[in-house]
Amino acid sequence: SRIIAHTLASTGIDACIMTLPHYGRRKSADKTKQLDFTKDFQVFIDSVRQSVMDVRRTARWLASREVVDDKRIGLCGTSLGGFIAALAAGVDAGFPRVALLLAGGDLAAVLSTEASEVRSIREELTEKGVTGKKLRELLEPIEPLSFADRMQNNTKLLMINGSIDKIVPPECARKLAEAVGINIYWFKTDHYGMVKYLLPALGKVSAHFS
């Protein structure tokens, strides 16, 4: 997020970083109060809802500042932050430009892959019998695809994804792109390999918000 913000700022585009719940400074210093949303599904759902509310609050704070044009506030998110950005943009339909890196839709599919990053949640859900249709119903209120159609007319969306990503499978990215009616910029890489294409990816993000 700091690299993206610095890149935007260096091209004359002001950027504000919003840290997700349970990350960085938003993680409790008291280890007994630290929550890990990768190991507790309810914490995950609550964190997503909190994140969307925080995006809204950040946008309102920016809009209240005299130096900010409240009609030109965009939104950018990477990986989980990209799913949050997609959800927030769909719910409010108030961001004229949105950029998503390594994100998409169909959270149920993402949480059901064999990726180690979702293993704890996947195992918890399987143990509780929350799979398939039941999982999709549980995720519907925080599913970006549930609100994606609201971006069709009000939002110019940029999506950058890896064509061999196993954490956010390409089909999950395509579902969101198709729901909004856009094309994806693909790089032949996996989730973490995108760092090799950081410069061209950031170039597209800067051009999108310029």
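Exceeding 22 Å between C-alpha atoms, which entries from my cross-link table qualify? They are K166/K196; K134/K175; K133/K175; K27/K134; K27/K204; K133/K188. Kindly include the intermediate steps, with their values, before the conclusion.
On the way: K166/K196 17 Å; K134/K175 20 Å; K133/K175 17 Å; K27/K134 30 Å; K27/K204 32 Å; K133/K188 32 Å.
Flagged as over cut-off: K27/K134; K27/K204; K133/K188.
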Only Lys, Arg (+1) and Asp, Glu (-1) charged, at Cβ; the stretch 24-170 dipole about Cα centre in debye: 400
Using alpha carbons only, how many degrees (0 to 90, rounded to 10) separate the axis of helix 119-128 from the longest principal axis of the chain? 50
Fraction of alpha-carbon pairs in the stretch 120-210 farther than 18 Å apart, rounded to whole percent, equals 58
For the chain, the longest principal axis of the Cα atoms and the Cα long axis of helix 41-63 enclose an angle in degrees, to the nearest 10, of 10
Pairs of alpha-carbon atoms within less than 8 angstrom and 6+ residues apart define the contacts here; what relative contact order does the chain have, in percent? 20
Once both axes come from the Cα atoms, what is the angle between helix 198-209 and the longest principal axis of the chain, in degrees from 0 to 90, rounded to 10? 60
Quick check for you: with a 1.4 Å probe and neighbouring chains kept, what is the accessible area per residue of the chain, in Å²? 56
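Counting only C-alpha contacts under 8 Å and six or more residues apart, can you give the relative contact order of the stretch 134-188 as a whole percent?
On the way: 45 pairs, mean separation 21.9, N = 55.
That works out to 40 percent.
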Ranked by how many other beta carbons lie within 10 Å on average, peptides 110-120, 74-84 from highest: 74-84, 110-120
Charge-dipole axis of the chain as Lys and Arg at +1 and Asp and Glu at -1 on Cβ define it, positive-most pick from N154, G105, I164: N154
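The values are calculated or read from the model by the stated rules, or taken from the named source; none is laboratory data. In this text the structure is predicted, and so the values were computed from the model without any measurement. Positions of Cβ are generated from backbone atoms using ideal geometry, with glycine treated the same way; all protein chains shown enter the neighbour counts. Areas reflect the complete protein model, heavy atoms only, side chains present, ligands, DNA and RNA absent. Shrake-Rupley method; radii C 1.70, N 1.55, O 1.52, S 1.80 Å.
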